[in-house]
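Chemist: Provided herewith is a single structure, encoded as structure tokens, for subsequent inquiry.
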Amino acid sequence: MTDLIIVGAGPAGLTAAIYGRRASKSVLVLEKAAYGGQIINTPSVENYPAEPQISGIDLATKMYQQATALGAEIRFEQVTAVREAGAFKEVVTPKGAYPCKAVILATGCENRKLGVADEEKLIGRGVSYCATCDGAFYRGKAVAVVGGGNTALEDALYLADLAETVYLIHRRDAFRGDAATVAQLKARENVKILYHSTVTRLCAERRLTGIEVTDTAGCVTELAVSGLFVAVGRVPNTDAFAPVVDLSEDGYAAAGENCRTRTAGIFAAGDNRAKGVRQLVTATADGAVAATEAVRYLNSL
Ligand code: NAP
């Protein structure tokens, strides 16, 4: 029987593991992919106190090493359910059900998909959700970016330095992202902005060869692009926890600043929690709060 199981080894989960171990609780972290969460795709983190400039993977590795050095166990298994089992909890993975006394859900968010046919099949073959990871493959080529938030704007600007042409496709004519970045994009000769438009079809042989774009007037255009960068926001990884946690309309875990969910002993921390500011530093703050609350809960059993 583990005291505390943490689902997710991103900044929130690893911080919770550090706090849990420092309170002498047994801690198991279950992670479906790689440790580090979203920051491992960030080449340079420049807003984390005491680290003026560090790569996302190096920062994540420091957190991972700190948690494991303190005795947190980390296993790479995908959690498919969390359930109550009498006074305790069970955390379910394809390998079995782990019994524990308290759970912290630190599962973060994942990229929202466009929902167009063959999108998932073409990931890595023209479709990408990370311009800084994959942009270099499209040097000198034509690419498209979809979205109207800061991520799409910054991706388009980044790609404008590499690609021959960047089409920025937005479904409205007003951007959510910063006006200053929009102005920078408009000044670039190789950036073409398509307003009131959505991607309606992906053209591919083995790889992406083009996209079909439809505007709100119904006009269809085919663009020859070899890369499509999708930047239409993120969705929280919370579906598996709906039986034990209330979710907001857009799927975020309902938990207050103390990270407590509606189920005693189950806490939510990091970007999957309904809150105002989702930053690295607020994710680690959540990890500390959730673990402190979990320790309080464990000590009351
Ligand atoms: P976002 O701000 O939620 O923007 C998502 C964009 O995608 C919106 O323009 C939305 O259109 C569009 N969209 C959503 N679903 C779509 C669909 N199915 N088809 C086509 N378009 C769709 O997401 P984000 O850009 O990833 O940013 C997330 C947060 O991180 C924001 O708060 C952002 O400011 C922040 N951020 C900050 C920085 C920075 O400060 N440097 C950098 C990156 C991100 P509508 O506008 O029509 O809804």
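The values are calculated or read from the model by the stated rules, or taken from the named source; none is laboratory data. Only a predicted model underlies this, so the values are computations on that prediction, with no experimental measurement involved. Here the Cβ positions follow ideal geometry from the backbone for every residue, glycine too, while neighbour counts run over all protein chains shown. These accessible areas exclude ligands, DNA and RNA; they are computed on the full protein's heavy atoms, side chains included. Shrake-Rupley method; radii C 1.70, N 1.55, O 1.52, S 1.80 Å.
Chemist: Using the per-residue mean of other Cβ atoms lying within 10 Å as a proxy for protection, in what order, highest first, do the peptides 72-78, 51-57 fall?
Modeler: Top to bottom by mean Cβ count within 10 Å: 72-78, 51-57.
Chemist: Mean separation of Cα pairs under 8 Å and 6+ residues apart, divided by the residue count of the chain: what relative contact order is that in percent?
Modeler: That works out to 21 percent.
Chemist: Write down the percent of antiparallel bridges among all DSSP beta bridges whose residues are both part of the chain, to the nearest 5. Provide the component values of the computation, followed by the final result.
Modeler: Details: 28 of 60 bridges.
Antiparallel bridges make up about 45 percent of those DSSP assigns within the chain.
Chemist: For the range 80-178, which whole-number percentage of the solvent-accessible area (1.4 Å probe, protein heavy atoms only) is attributable to carbon and sulfur atoms? Let's see the in-between values first.
Modeler: Values: 2130 of 4610 Å².
Summing carbon and sulfur atoms, their accessible area is 46 percent of the total for the range 80-178.
Chemist: Given a cut-off of 20 Å, what percent of all Cα-Cα pairs of the range 113-230 lie beyond it? Write down the numbers at each step before the final one.
Modeler: On the way: 2365 of 6903 pairs.
Every Cα pair in the range 113-230 considered, those over 20 Å come to 34 percent.
Chemist: Moving on to the next point. Which loop-located chymotrypsin sites (Phe, Trp or Tyr not before Pro) does the range 159-214 contain, where loop means any DSSP state but H, G, I, E or B and the Cβ has at most 16 other Cβ atoms within 10 Å? Please list the in-between numbers first.
Modeler: Numbers: sites: Tyr167, Phe175, Tyr195; in loops: Phe175, Tyr195.
Sites meeting the loop and neighbour criteria: Tyr195.
Chemist: Now a separate question. Based only on Cα atoms, what Rg/Rh ratio does the range 1-140 have, Rh being taken as Kirkwood's radius?
Modeler: 1.05
Chemist: Among 32-42, 137-147, 242-252, what's the highest-first ranking by average C-beta atoms within 10 angstrom per residue?
Modeler: 137-147, 32-42, 242-252
Chemist: Ok, one more. About the Cα centre, and with charges only on the beta carbon of Lys, Arg (+1) and Asp, Glu (-1), how big is the dipole of the chain? Nearest 20 debye, please.
Modeler: The calculated dipole for the chain is roughly 500 debye.
Chemist: Let me ask you something else. Bins of 20 Å, beginning at zero and ending with the bin holding the largest distance: percent of Cα pairs per bin for the chain, please.
Modeler: 32, 50, 18, 0
Chemist: Skip the ligands, DNA and RNA, and give the accessible area per residue of the chain with a 1.4 Å probe, whole Å².
Modeler: That works out to 47 Å² per residue.
Chemist: A follow-up question, please. Which entries in Lys32/Lys141; Lys95/Lys121; Lys113/Lys186; Lys186/Lys275; Lys62/Lys113; Lys121/Lys141 show an alpha-carbon gap greater than 24 Å? Numbers along the way, then the final one.
Modeler: On the way: Lys32/Lys141 34 Å; Lys95/Lys121 27 Å; Lys113/Lys186 26 Å; Lys186/Lys275 33 Å; Lys62/Lys113 31 Å; Lys121/Lys141 21 Å.
Over 24 Å Cα-Cα: Lys32/Lys141; Lys95/Lys121; Lys113/Lys186; Lys186/Lys275; Lys62/Lys113.
Chemist: On a 0 to 90 degree scale, rounded to 10, what angle separates helix 150-160 from the longest Cα axis of the chain?
Modeler: The helix 150-160 is inclined about 50 degrees to the chain.
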